[in-house]
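Contents: one structure, followed by commentary.
The values are calculated or read from the model by the stated rules, or taken from the named source; none is laboratory data. What you are looking at is a predicted structure, and each value in this text was computed from that prediction instead of being measured. Methodologically, a virtual Cβ is constructed for each residue, glycine included, from the backbone with ideal geometry; neighbour enumeration extends over all protein chains shown.
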Amino acid sequence: MEDLVRFLAENLVEHPEAVEVRTFTRGRRVRIRLSVASEDMGRIIGKEGRIADALREIVRVAARVQGKRATLEIR
């Protein structure tokens with residue numbers, strides 16, 4: 001899932017070198033923390049948060065396929 005989030009984020013932002021993805025796992029729960037450059041934050045969030053919501057849904061579905069529960073934090 002970390003690679004998926006990294007791939008999507010790097011293709012959305014203007015500064016892909018600033019994309020950082022960290023994963024924290026506790027049992028079946030996975031928390032993925034995405035950090036981007038401050039000037040790219042709007043590209044990740046999107047109008048009315050639509051892109052951020054779509055990214056979170058993709059992460060939830062990918063986790064469900066693996067039998068896990070996941071959340072995506074954007075910083």
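Points to keep in mind about this one:
- Pairs meeting the criteria (first residue in region 35-63 and under 18 Å from THR23 (Cβ atoms), second residue at pLDDT below 95, beta carbons under 7 Å, at least 6 apart or on different chains) are SER35/ARG75; VAL59/MET1; ALA62/MET1; ALA63/MET1.
- Screening region 1-18 for residues that are under 10 Å from the mean Cα position of the chain (by Cα) and not charged (D, E, K, R) and picking the one that is farthest from ALA62 (Cα to Cα) gives ALA9.
- Members of region 18-49 found to be under 14 Å from LEU8 (Cα atoms) and polar (S, T, N, Q), listed by number: SER35
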